[in-house]
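Step one of this worksheet: look at the structure below.
Just so it is clear, none of the values below were taken in a lab; they were calculated from the coordinates. In this text the structure is predicted, and so the values were computed from the model without any measurement. Positions of Cβ are backbone-derived with ideal geometry, glycine not excepted, and every protein chain shown enters the neighbour counts.
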Amino acid sequence: MLTEQEVKDKLYDYADQFRIRCQRKEWAAAKMLYFRAQTVATFMQLSEAELSKLFGNRAYREDWEPVRDGLFPEQEVERAGWECVRIHKTYDDLHLRPLPRYGPMYVKSWEDLSGGRVQIQLEKEAGV
């Protein structure tokens, strides 16, 4: 069994692995590393300072403080998530399924419209 410090060291190692996976465009593996790190950090009830170091200070900052990325850069985390949706390697795309009357479709492309809005283009599956 790992000690608390060994688990924290492993979380920092996950951040390094996350960056490598993003560089290699292994989006599903990168997102899983982020998800795993977030789950373990929450379970361990890490302090706000430790959470900020790992995941950035957006959720933990005061209004006057500038937003800083953590060891898991926010932009790369978002990209990994959307790339997983695009290649159907995450549960996120379950919310994007069209009504049954349209038949099976997949996400062909997506565009970030900023402000949390995304435009998604669906395409019918071949042979349907």
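The calculated FRET efficiency for the pair E6 and F35, based on their C-beta separation and a Förster distance of 22 Å, comes to about 0.60.
Between I87 and Q23, full extension at 0.36 nm per residue minus the direct alpha carbon distance yields a gain of 21.4 nm.
Straight-line reach from K25: taking Cα to Cα under 23 Å and skipping same-chain neighbours fewer than 8 places apart, the lysines in range are K10, K89, K108. Legend: calculated FRET efficiency, V67 to D112, from the Cβ-Cβ distance at R0 = 22 Å, rounded to 0.05, equals 0.80.
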